[in-house]
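Read through the structure below, which is laid out as structure tokens, and then see the notes.
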Ligand SMILES: [Zn+2]
């Protein structure tokens, strides 16, 4: 018996700032434009499509807007938290910023952990007939990381 898998992909991008304490190159606060490639495996539905690209694009934009133009930081560097603002501090850096401009991860903000976080978020908002999602994030033009989530 043969078993085929059929998928689609879409690309997008988002901008973010981050830092990786104690890393020789990535410790200062700096930013990236992350090119993202999202692959989905699923079952063909209406019009023999897995999902309409227009609809998919909206869901992806929505999810990526959680990260876009934000400081993405690990929870471990949150030193003080107020109603609308947060103070982040590590090494020689101390940053005070509005909560709305911050996205927190449990782990360090590497491309790997971002790919994992986005793929987990996306599988939750996509329809049931999408069985697998792979989120690739480019770090520069020729390398990157990916995370996969299955139902
Ligand atoms: Zn970086």
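The values are calculated or read from the model by the stated rules, or taken from the named source; none is laboratory data. Note that the structure is predicted; figures quoted are calculated from it, not measured. Because the Cβ atoms are built from the backbone with ideal geometry, glycine has one as well, and the counts that use them run over all protein chains shown.
For the stretch 100-119, a residue qualifies if it is in a helix (DSSP H, G or I) and surrounded by 13 or more Cβ atoms within 10 Å (Cβ to Cβ), and the qualifying residues are 111, 112, 113, 114, 115, 116, 117, 118, 119.
Screening the candidates 68, 91 for the property of being under 24 Å from residue 28 (Cβ atoms), within 16 Å of the ligand (Cβ to nearest atom) and modelled with pLDDT under 95 yields one hit, 91. Among the residues of the stretch 4-25, those identified as in a strand (DSSP E or B) and within 16 Å of the ligand (Cβ to nearest atom) are 13, 14, 15, 16, 17, 18.
Scoring residue 62 on the criteria (1) outside any loop (DSSP other than H, G, I, E, B); (2) loosely packed, with under 15 Cβ neighbours inside 10 Å; (3) without any contact (Cβ under 8 Å) to a residue 60 or more places away in the chain leaves a single failure, condition (3). In the stretch 100-110, which residue that is in contact with a helix residue (DSSP H, G or I) (Cβ under 8 Å, 6 or more places away or on another chain) and more than 16 Å from the ligand (Cβ to nearest atom) is farthest from residue 64 (Cα to Cα)? Restricting to residues being in contact with a helix residue (DSSP H, G or I) (Cβ under 8 Å, 6 or more places away or on another chain) and more than 16 Å from the ligand (Cβ to nearest atom), the top hit is 106. Counting only residues that are closer than 11 Å to residue 36 by Cβ and without any contact (Cβ under 8 Å) to a residue 60 or more places away in the chain, which one in the stretch 111-143 is nearest to the ligand (Cβ to nearest atom)? Going through the qualifying residues, I end up with 115. Screening 112, 96, 107, 128 for residues that are in contact with a strand residue (DSSP E or B) (Cβ under 7 Å, 6 or more places away or on another chain) and within 24 Å of residue 57 (Cα to Cα) leaves exactly one candidate, 112. Taking the stretch 26-44 as the search range and keeping residues that are under 14 Å from the mean Cα position of the chain (by Cα) and surrounded by 15 or more Cβ atoms within 10 Å (Cβ to Cβ), which one is farthest from the ligand (Cβ to nearest atom)? If we take residues in the stretch 26-44 being under 14 Å from the mean Cα position of the chain (by Cα) and surrounded by 15 or more Cβ atoms within 10 Å (Cβ to Cβ), then 39 is farthest from the ligand (Cβ to nearest atom). With respect to (1) surrounded by 17 or more Cβ atoms within 10 Å (Cβ to Cβ); (2) over 20 Å from residue 20 (Cβ atoms), the lone exception for residue 128 is condition (1).
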